[in-house]
Amino acid sequence: MIHTKAAEVYFPHIRPEICLYAPHFRAVTPGWVCGRHVHHMMFEFLLVLEGRLTAIHGNAEQELAPGDLVLISPMQIHGYGAQHSEGASFFAAHVQIEEAALLHLFETENKAFYRQGHPLTEVLLPWINELMVALQEVPLRTAKVMLKVLNLMEAIQTYFNENTARRLPAAQREPAYLIAKEIENLLRKPTISEESSSLATGEDGESLGSDWLEEISRHLNISRRHCHRLFRQAYGMSPRQYLMILKQQEAMQMLNSSNDTIEQIAYRLGYVNVQSFSRQFAAWVGCTPGGFRKSNPESVVNFLTPTLRQDSGIRAEP
């Protein structure tokens, strides 16, 4: 028991923003590919159950066998493929997190690929197994499912913290995820002009329409040059490229899951006219927004997490 001499002790309010998004089992045939994509403020975990799977995390690629685990850090480009004759099956899910300490640990400690028998795999496997069981219960018990998710997050954070403690003290690393969060916030404001977000920029992708990056830099009290360099070092892409990836994925999600008109979607993503949005979308995907919507793209977008809405996941509510 903890004793205190104070007559009253108040602790901060706790309102966790945690969402379990798109947990699923899947069996894939040889040749299957999940194209490179990125999740904002969400980490992803994937456990290989059968067969062999190729996973990409940033610039690293690894072949996975049954029992191997992948932990995808937030804002990291990743993808998968089944390149062997037997195909593969796996369990995967995404967890939205807002806790700064855990986001920073993912940024500094996560190695992405963990073989069967690795200490972290051994720690997480019981919680993943319990989560898989809880998800299949009828009726679904949300509190039980989210308890498994919280236990999983606590195990990850404990392991990463222990790794940090074992190393010699190092210079404090500025968290690039703060820049990513500011970029994500741009999508929540329907005021970004098409000119400020167009891909028609210089070779470095940052020579035109940089006002929003200047504002982010000032808000974080760092120079624009340092902001750009810090983000690229952490995630292997420029801030502008990350913004455009978020816009592309959000556009795909809204075209697939909402009844909004193409004009409304264009405005919500910050385009001043639907023609500009349609040209940009065709450059991204290879077809018009209307053509994409008619193509029944559920299989294309089911692994993309929305930025503007998070209403299809399982949430932990206070």
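The values are calculated or read from the model by the stated rules, or taken from the named source; none is laboratory data. As the structure is a prediction and not an experimental result, all values here were calculated from the model. In this analysis, Cβ positions are derived from the backbone assuming ideal geometry, glycine residues included, and neighbour counts consider all displayed protein chains. Only protein heavy atoms, including side chains, enter the accessible area calculation; ligands, DNA and RNA are left aside. Shrake-Rupley method; radii C 1.70, N 1.55, O 1.52, S 1.80 Å.
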* Out of ARG15, ARG36, sole residue that is part of a loop (DSSP other than H, G, I, E, B) and either free of Cβ contacts under 8 Å to residues at least 40 places away in the same chain or more than 19 Å from LEU152 (Cβ to Cβ) (or both) -> ARG15
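Rundown of residues vs (1) under 20 Å from GLN136 (Cα atoms); (2) within 19 Å of the chain's Cα centre (by Cα), yes/no style:
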site: TYR10; (1), (2): no, no
site: ARG15; (1), (2): no, no
site: PRO23; (1), (2): yes, yes
site: ARG36; (1), (2): no, yes
site: HIS40; (1), (2): no, yes
site: PHE43; (1), (2): no, yes
site: HIS57; (1), (2): no, yes
* To do: Scan TYR271, TYR267 and give me the residue that is more than 18 Å from LEU213 (Cα to Cα) and touching a residue at least 60 places away in the same chain (Cβ under 8 Å).
  => TYR267
* Are there any pairs, at least 6 apart or on different chains, whose C-beta atoms fall under 7 Å, with the first in the range 18-32 and at positive phi and open to solvent by less than 40 Å² (accessible area, probe 1.4 Å) and the second assigned to a strand (DSSP E or B) and of a type in the set (Gly, Ala, Ser), and if so, which? -> ALA22/ALA93
* Which of (1) in contact with a Pro (Cβ under 6 Å, 6 or more places away or on another chain); (2) at pLDDT 80 or above; (3) open to solvent by less than 50 Å² (accessible area, probe 1.4 Å); (4) over 19 Å from ARG36 (Cβ atoms) does SER276 not meet, given it meets every other one? -> (1)
* **Tally, over the range 243-273, of residues that are modelled with pLDDT under 90, aliphatic (A, V, I, L, M), in contact with a Leu (Cβ under 9 Å, 6 or more places away or on another chain) and open to solvent by 30 Å² or more (accessible area, probe 1.4 Å)** => 0
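Go through GLU122, GLU162, GLU109 for me and flag whichever is touching a helix residue (DSSP H, G or I) at 6+ places or on another chain (Cβ under 9 Å) and not basic (Lys, Arg).
Details: GLU122 fails: touching a helix residue (DSSP H, G or I) at 6+ places or on another chain (Cβ under 9 Å); GLU162 fails: touching a helix residue (DSSP H, G or I) at 6+ places or on another chain (Cβ under 9 Å).
Residue meeting the stated conditions: GLU109.
Out of the residues in the range 117-157 that are among the β-branched types (Val, Ile, Thr) and farther than 24 Å from LEU64 by Cβ, which is surrounded by the fewest Cβ atoms within 10 Å (Cβ to Cβ)? Outline the logic, then answer.
The initial filter retains those residues of the range 117-157 that are among the β-branched types (Val, Ile, Thr), namely 121, 123, 128, 133, 138, 142, 145, 149, 156.
Pick out the ones that are also farther than 24 Å from LEU64 by Cβ and you get 138, 142, 145.
Numbers: VAL138: 5, THR142: 14, VAL145: 20.
Filtering first and then ranking leaves VAL138.
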* Structure fact -> Given (1) open to solvent by less than 50 Å² (accessible area, probe 1.4 Å); (2) of a type in the set (A, V, I, L, M, F, W, C); (3) part of a loop (DSSP other than H, G, I, E, B), ALA93 misses just (3)
* **Residue check for GLU174: modelled with pLDDT under 75, assigned to a loop (DSSP other than H, G, I, E, B) and touching a Lys or Arg at 6+ places or on another chain (Cβ under 8 Å)** => no
